[in-house]
Amino acid sequence: MEKDGITNVLLSGVGGQGILTASRLLAMAALHRGFDVKMSEVHGMSQRGGNVDTHVRIGEAVPSPMIPKGGAHFLVSFEKLEALRYLDYLRPDGVAFVNRLEISPLTLALKQPNYVDDVDRILDEKAPHLIWVDGTEMARELGDVRMVNVIMLGALATRLPFLEEADWEAAVKERFAKPKVREAVANAFRKGAEVCPGR
Amino acid sequence: MKQMMLGNEAVARGAFEGGVAFGSGYPGTPSTEILEYLAPYENVVVQWAPNEKVGLEVAMGASLAGVRALVTMKHVGLNVAADPFFSASYMGVNGGLVVVSADDPAMHSSQNEQDNRWLAKAAKVVMVEPSDAEEARWMTREAFALSEQFDTPVLFRMTTRVCHQTAVVNLEDPLEAPARGYKKDIPKYVLLPGHGRLRRHEVEKRLLAAAAFGNESDRWNPVFEGSADVGIITSGVSFSYVRETMPEASILKLGLTNPLPFERIKRFAETVKKVIVVEELDPYLEEQVRAAGVDATGQSLRPYFGELNLPLLEEALLGEARNKVTVSLADVEIPRRPPTLCPGCGHRPVFKVLRDMRIHVMGDIGCYTLGALKPLGAMESCLCMGGSVGMAEGLERFGGPDLEGRVVGVIGDSTFFHSGIAGLVDMVMNGSKATVLILDNATTAMTGAQPNPGSGVDIRGAPAPRLDPADVCRGVGVKRVVVVEPYDMENLEEVFAEELAAPEVSVVIVRAPCVLNEGVTFAEPVELDLELCNQCGLCIRVGCMAIREKDGYPEILADLCNGCGVCVQVCSEGALTIPEKVGA
Ligand SMILES: Cc1ncc(C[n+]2csc(CCOP(=O)(O)OP(=O)(O)O)c2C)c(N)n1
């Protein structure tokens, strides 16, 4: 845990990628460990294919629900453009986990491509510490693309030493009722953790 | 017991713990989830109302019957409910009545940024403001008793960051709140002028009593003792930013923000060298604190609108933000990702056709408002819920020959039931020639698919009576009512042309289920033959997430495509085909 006692995790992506579920699992694991948690999420208009971000803050006592720019210890992005958009939330020592996926915003005309050229290079250059995750690819291999959110979480978990396996297990148990789903989630989580070995 | 809860879920929990017997309201971000979370509790009647005004009226009836009632809405919903709200203040309550207003600073999902604290002051009712999810729970739990104690509706004012934060909440056992029974009381409940004048005195007495309560209440209006250099007066989510920015400061945190506890405020001000008021949106607290003779600053230190956040407050109070932004994005242009209509949405072909016909569209509020955005760009106004109908009538009547027969009002089914019907009555009684399109997807899609009077189910998903908008239109005297499905655009254009030309009011009901509804089946994804494509870009211009540009050609994203066939119909080269339509 940091000196000021709060760890800030920003999750970003496109509506429908399971970001809310991932954020909730993280929050529930932290509560299980006895931390105070505040999380800010998006509902409503912005969900119709727009970009989505959730702020998760974990500590002994967390007053406000929003991460300041320059204050995120971790950025977990489910899509490259949405990693770039939120990069300035990272602290100088902050770590970004970026899923290797491009979803272009609505194209307005044929001759107007609507993405950032060279996004990989820009991300690598700008992010102080960036970890690429082939999350979508790995989820596909597991037979369920929706698992990308759990894979990303598994990768993040390797950098959150204050949470233990039991905390994650408790969160998964609380969130998912069916044993089959729990098993699939646990499996995807482990796959995600393998992305960042040595922890 | 501790649990993670969304702020709105915590309000539902608090209402349950507070012995609520009835919950009503109309969906609206950021308030919507409160009733959805209340619905599963046993022994509580929970129902959506067609609009906020009716929701409040039913709740007033429940209150008179002696049970505790909760009504929820977004900030602009309180404008709709303002008529009963202002007079309910005179009538008072029997069972406790809590009215939630969820305000939306920064307009994440709203058309304006109004600060509804003024409405509590104007209506002279007691107002409660929680600062986080746990307070949302206990303050709701106890607000019913406040309502009964001061014989007033309580305005429970929240903001997006309290509604949509998820945080740790402490659950308590429910309170005993036995029904009080109905007591006939004509002078209290019949607001004739003579009675109203008498009630007016009671309203003032209530404000004095509630202020006295607030002056002495450490629970609702706690003081956090700290350094004597600065004293901060704050409320709502702003408190959490203050706590984090200046943990050492003295803070007076107001949970009751109407009437303000001026004695307490003055006592607090005397203990510190300098008073700063920290709040979002209007200087509601600051103006009153200063008018009461306390020397304070506030708004001059912060932006006049939008949300507060940590860096802003740190700059205001400490001179600079604690966290330095070290990653610069100044040199990259990041395309925006605005919300769009879903692939297969029945609203899309309507706007595509209206755009091609160059019709002037007075729009309304719902998913279909996205028809105003590029590349569709086929909506020319959006004012308030139900506003499309009256505005279309006015524009058609005074737009001159250029607009004659070229104006439509476009409204969703939920919005039509909410407040479009009265506009249609106006058209009929005043002989308008304008045309109204009701986009009927049988749900309230924008706010997350809440049932409306045309859905045929209730908030718990149980079967309910279904009102057909076509019947309603005929019932209010519209002679020309046509029902069409939107995916055949040639037909759609013919129908529109015919109804626009008709020299009387006409309504076209465009019916297609919301593609997010469970049980909607789709056709196979559209296929593209690049050999035939002439790169005209027309398919791109229907504005669908399932078609994107790749190397100067369109590309169909099969994962997203619902096979609705709209793009197929715009292609003159036959490059796009639908393999087989299973029906939508
Ligand atoms: C007075 C008021 N109440 C509630 C809202 C929130 N709101 C925005 S659009 C909408 C309903 C949209 O439903 P519908 O008209 O059926 O259109 P759809 O989104 O299904 O296309 C609601 C409830 C609002 N903006 N104003």
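Please work out which residue is farthest from the other protein chains (Cβ to nearest Cβ), limiting yourself to segment A:87-109 and to residues that are under 14 Å from residue A:13 (Cα atoms) and surrounded by fewer than 24 Cβ atoms within 10 Å (Cβ to Cβ). First the steps, then the outcome.
Our first condition is that a residue be under 14 Å from residue A:13 (Cα atoms); within segment A:87-109, this holds for A:87, A:96-105.
So of that shortlist, the ones also surrounded by fewer than 24 Cβ atoms within 10 Å (Cβ to Cβ) come out as A:100-105.
Details: A:100: 16, A:101: 12, A:102: 10, A:103: 9, A:104: 5, A:105: 4 Å.
The extreme case among them is A:100.
Please specify each residue of segment A:139-173 satisfying the condition of being closer than 16 Å to residue A:35 by Cβ, of a type in the set (A, V, I, L, M) and part of a loop (DSSP other than H, G, I, E, B).
Within segment A:139-173, A:160, A:163 meet the criteria.
Looking at the structure I just gave you, is residue B:95 under 19 Å from residue B:60 (Cα atoms), assigned to a loop (DSSP other than H, G, I, E, B) and in contact with a strand residue (DSSP E or B) (Cβ under 9 Å, 6 or more places away or on another chain)? First the steps, then the outcome.
Numbers: under 19 Å from residue B:60 (Cα atoms): yes; assigned to a loop (DSSP other than H, G, I, E, B): yes; in contact with a strand residue (DSSP E or B) (Cβ under 9 Å, 6 or more places away or on another chain): yes.
The answer is yes for residue B:95.
Out of the residues in segment B:37-86 that are among the polar types (S, T, N, Q) and either outside any helix (DSSP H, G or I) or away from the ligand (no atom under 13 Å from the Cβ) (or both), state the one that is farthest from the other protein chains (Cβ to nearest Cβ). Break it down stepwise before answering.
Within segment B:37-86, the first condition is being among the polar types (S, T, N, Q), and the residues that meet it are B:43, B:47, B:51, B:63, B:72, B:79.
Add one more test, that the residue is either outside any helix (DSSP H, G or I) or away from the ligand (no atom under 13 Å from the Cβ) (or both), and what stays is B:43, B:47, B:51, B:63, B:72.
Details: B:43: 24, B:47: 21, B:51: 19, B:63: 29, B:72: 14 Å.
Per the criteria, the residue is B:63.
Please pick out the residue among B:400, B:394, B:346, B:387 that is more than 21 Å from residue A:114 (Cα to Cα), away from chain A (no Cβ under 14 Å), touching a Cys at 6+ places or on another chain (Cβ under 9 Å) and modelled with pLDDT of 95 or more. Step through it out loud before you land on a result.
On the way: B:400 fails: touching a Cys at 6+ places or on another chain (Cβ under 9 Å); B:394 fails: touching a Cys at 6+ places or on another chain (Cβ under 9 Å); B:387 fails: touching a Cys at 6+ places or on another chain (Cβ under 9 Å).
Result: B:346 is the single residue among B:400, B:394, B:346, B:387 that is more than 21 Å from residue A:114 (Cα to Cα), away from chain A (no Cβ under 14 Å), touching a Cys at 6+ places or on another chain (Cβ under 9 Å) and modelled with pLDDT of 95 or more.
So, in segment B:428-466, exactly how many residues are farther than 19 Å from residue B:351 by Cα, within 13 Å of the ligand (Cβ to nearest atom) and among the aliphatic types (A, V, I, L, M)?
Selection size over segment B:428-466: 1.
Could you tell me which of the residues B:230, B:272, B:203 is modelled with pLDDT of 95 or more and in a strand (DSSP E or B)?
Details: B:272 fails: in a strand (DSSP E or B); B:203 fails: in a strand (DSSP E or B).
The unique qualifying residue is B:230.
Return the total of residues in segment B:26-79 being closer than 23 Å to residue B:189 by Cα, touching a Lys or Arg at 6+ places or on another chain (Cβ under 9 Å) and not charged (D, E, K, R).
Number satisfying all stated conditions: 5.
How many residues does segment B:150-176 hold that are among the aliphatic types (A, V, I, L, M), away from chain A (no Cβ under 14 Å) and open to solvent by 20 Å² or more (accessible area, probe 1.4 Å)?
So in segment B:150-176, the residues among the aliphatic types (A, V, I, L, M) come out as B:154-155, B:158, B:162, B:167-169, B:171, B:175.
So of that shortlist, the ones also away from chain A (no Cβ under 14 Å) come out as B:154-155, B:175.
Among the residues that remain, those that are also open to solvent by 20 Å² or more (accessible area, probe 1.4 Å) are: B:175.
Summing the residues that are among the aliphatic types (A, V, I, L, M), away from chain A (no Cβ under 14 Å) and open to solvent by 20 Å² or more (accessible area, probe 1.4 Å) in segment B:150-176 gives 1.
Quick check: is even one residue across segment B:405-419 within 16 Å of the ligand (Cβ to nearest atom), assigned to a helix (DSSP H, G or I) and farther than 20 Å from residue B:346 by Cβ?
In the first step, residues of segment B:405-419 are kept if they are within 16 Å of the ligand (Cβ to nearest atom); the result is B:408-419.
Applying the additional criterion that residues be assigned to a helix (DSSP H, G or I) yields B:413-419.
Next, only the ones that are farther than 20 Å from residue B:346 by Cβ stay: B:419.
Taking every residue of segment B:405-419 in turn, at least one turns out to be within 16 Å of the ligand (Cβ to nearest atom), assigned to a helix (DSSP H, G or I) and farther than 20 Å from residue B:346 by Cβ.
Filter segment B:485-499 down to the residues that are surrounded by fewer than 19 Cβ atoms within 10 Å (Cβ to Cβ) and outside any helix (DSSP H, G or I), then identify the one that is farthest from the chain's Cα centre (by Cα).
B:488
Would you confirm whether or not segment B:310-322 contains a residue that is buried (at least 21 other Cβ atoms within 10 Å of the Cβ) and outside any helix (DSSP H, G or I)?
There is no residue in segment B:310-322 that is buried (at least 21 other Cβ atoms within 10 Å of the Cβ) and outside any helix (DSSP H, G or I).
What are the pairs, 6+ residues apart or on separate chains, where a residue within segment B:271-293 that is within 17 Å of residue B:211 (Cα to Cα) has its Cβ under 8 Å from a residue that is open to solvent by less than 10 Å² (accessible area, probe 1.4 Å) and among the polar types (S, T, N, Q)?
B:284/B:257; B:285/B:234; B:285/B:235; B:285/B:257
Of the conditions (1) closer than 27 Å to residue B:324 by Cβ; (2) part of a loop (DSSP other than H, G, I, E, B); (3) more than 7 Å from chain B (Cβ to nearest Cβ), residue A:66 fails just one. Which one is it?
So residue A:66 meets the others, but not (3).
Just checking, how many residues over segment B:502-525 are in contact with a helix residue (DSSP H, G or I) (Cβ under 6 Å, 6 or more places away or on another chain) and in a loop (DSSP other than H, G, I, E, B)? Walk me through how you get there before you give the answer.
Start the filter on segment B:502-525 by keeping residues that are in contact with a helix residue (DSSP H, G or I) (Cβ under 6 Å, 6 or more places away or on another chain), which leaves B:505-510.
Right, trim to in a loop (DSSP other than H, G, I, E, B) and you get B:505.
Matching residues across segment B:502-525 total 1.
Based on what the data block shows, is residue B:369 within 14 Å of another protein chain (Cβ to nearest Cβ), touching a helix residue (DSSP H, G or I) at 6+ places or on another chain (Cβ under 6 Å) and either hydroxyl-bearing (Ser, Thr, Tyr) or farther than 21 Å from residue B:28 by Cα (or both)? Working first, answer last.
Details: within 14 Å of another protein chain (Cβ to nearest Cβ): yes; touching a helix residue (DSSP H, G or I) at 6+ places or on another chain (Cβ under 6 Å): no; either hydroxyl-bearing (Ser, Thr, Tyr) or farther than 21 Å from residue B:28 by Cα (or both): yes.
Criteria not met by residue B:369.
Within segment B:383-399, restricting attention to residues that are within 15 Å of the ligand (Cβ to nearest atom) and not in a helix (DSSP H, G or I), which residue is surrounded by the most Cβ atoms within 10 Å (Cβ to Cβ)?
We begin by selecting, within segment B:383-399, every residue within 15 Å of the ligand (Cβ to nearest atom); these are B:383-390.
Right, trim to not in a helix (DSSP H, G or I) and you get B:383-386.
Values: B:383: 14, B:384: 17, B:385: 26, B:386: 24.
The selected residue is B:385.
Given (1) within 25 Å of residue B:40 (Cβ to Cβ); (2) within 16 Å of the ligand (Cβ to nearest atom); (3) surrounded by 14 or more Cβ atoms within 10 Å (Cβ to Cβ), identify the lone condition not met by residue B:472.
(1)
The values are calculated or read from the model by the stated rules, or taken from the named source; none is laboratory data. Note that the structure is predicted; figures quoted are calculated from it, not measured. FYI the Cβ positions are ideal-geometry reconstructions off the backbone, even for glycines, and counts take in every protein chain you see. Areas reflect the complete protein model, heavy atoms only, side chains present, ligands, DNA and RNA absent. Shrake-Rupley method; radii C 1.70, N 1.55, O 1.52, S 1.80 Å.
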